[in-house]
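Trainee: Sharing a structure here in C-alpha cells format.
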Amino acid sequence: MYTVYSLISQKDGRIYVGITSDFERRIKEHNAGKTRSTKGFRPWQLLCLQSVESRIAARELEKKWKSGAGKEYLKLIKLERL
C-alpha cells in the first residue's frame, strides 16, 4: 500500500506533493528538516492524503496532482480549509 500526500507549508503556503509507504515517518522527516527540498519551508501540515494499492498507481496520482489541473485542485482544498 502506498500513500500519495500533499502538504502545505505553514511558513508561506506552498504545496508539496509526494509518495510514501509510511506517511507518519515521512511527515516527521519533512518537519524535522531531513528533506532538502522542504527544509526551508517548515512546518508542514497535511493538506490531502490518498492511499493506493501499487507504486505505479501512486506515481500516476502524484503526476496528476503535480500537473496544472492537479495543483488547482489542491489549491481549492487549501481555500476550503481557510
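The values are calculated or read from the model by the stated rules, or taken from the named source; none is laboratory data. Remember, it's a predicted structure, so these values are computed and weren't measured experimentally. Using ideal geometry, Cβ is built from the backbone for each residue, glycine included, and neighbour counts are taken over all protein chains shown. With ligands, DNA and RNA removed, areas are computed over all heavy atoms of the protein, side chains included. Shrake-Rupley method; radii C 1.70, N 1.55, O 1.52, S 1.80 Å.
Trainee: For the range 2-56, give me the residue count where each residue is assigned to a loop (DSSP other than H, G, I, E, B), among the β-branched types (Val, Ile, Thr) and under 17 Å from LEU74 (Cβ atoms).
Mentor: Step one: list which residues in the range 2-56 are assigned to a loop (DSSP other than H, G, I, E, B), which gives 10-14, 21-22, 33-38, 42-43, 53-54.
Subset that is among the β-branched types (Val, Ile, Thr): 35, 38.
If we keep only those that are under 17 Å from LEU74 (Cβ atoms) too, we end up with 38.
Residues in the range 2-56 being assigned to a loop (DSSP other than H, G, I, E, B), among the β-branched types (Val, Ile, Thr) and under 17 Å from LEU74 (Cβ atoms): 1 in total.
Trainee: Go through the range 23-42 and give me each residue that's touching a strand residue (DSSP E or B) at 6+ places or on another chain (Cβ under 8 Å) and open to solvent by less than 90 Å² (accessible area, probe 1.4 Å).
Mentor: Looking only at the range 23-42, we keep the residues that are touching a strand residue (DSSP E or B) at 6+ places or on another chain (Cβ under 8 Å), and these are 23, 26-27, 30-31, 37-38, 41-42.
Answer for the range 23-42, where residues must be touching a strand residue (DSSP E or B) at 6+ places or on another chain (Cβ under 8 Å) and open to solvent by less than 90 Å² (accessible area, probe 1.4 Å): PHE23, ARG26, ILE27, HIS30, ASN31, SER37, THR38, PHE41.
Trainee: Sticking with this one: All but one of (1) free of Cβ contacts under 8 Å to residues at least 24 places away in the same chain; (2) open to solvent by 60 Å² or more (accessible area, probe 1.4 Å); (3) farther than 15 Å from VAL17 by Cβ; (4) of a type outside the set (Ser, Thr, Tyr) hold for LYS64; which doesn't?
Mentor: The single condition LYS64 does not satisfy is (3).
Trainee: Sort out which residues of the range 58-73 are of a type in the set (Ser, Thr, Tyr) and within 16 Å of ARG14 (Cβ to Cβ), and write them in order of number. Outline the logic, then answer.
Mentor: Step one: of the range 58-73, the residues of a type in the set (Ser, Thr, Tyr) are 67, 73.
Correct list: TYR73 only.
Trainee: For the structure I just gave you, tell me whether LEU61 is in contact with a Cys (Cβ under 8 Å, 6 or more places away or on another chain) and part of a helix (DSSP H, G or I). Talk me through it step by step, then tell me what you get.
Mentor: Values: in contact with a Cys (Cβ under 8 Å, 6 or more places away or on another chain): no; part of a helix (DSSP H, G or I): yes.
Taking the combined requirement at face value, the residue does not satisfy it.
Trainee: Going through GLY33, GLY18, GLY70 one at a time, which residue ends up being touching a Phe, Trp or Tyr at 6+ places or on another chain (Cβ under 8 Å) and among the small types (Gly, Ala, Ser)? Please lay out each step first, then the result.
Mentor: Details: GLY33 fails: touching a Phe, Trp or Tyr at 6+ places or on another chain (Cβ under 8 Å); GLY70 fails: touching a Phe, Trp or Tyr at 6+ places or on another chain (Cβ under 8 Å).
After ruling out the rest, the residue left standing is GLY18.
Trainee: Of the numbered conditions (1) basic (Lys, Arg); (2) free of Cβ contacts under 8 Å to residues at least 24 places away in the same chain; (3) assigned to a helix (DSSP H, G or I), LYS78 satisfies every one except a single condition; which is it?
Mentor: It is condition (2) that LYS78 fails.
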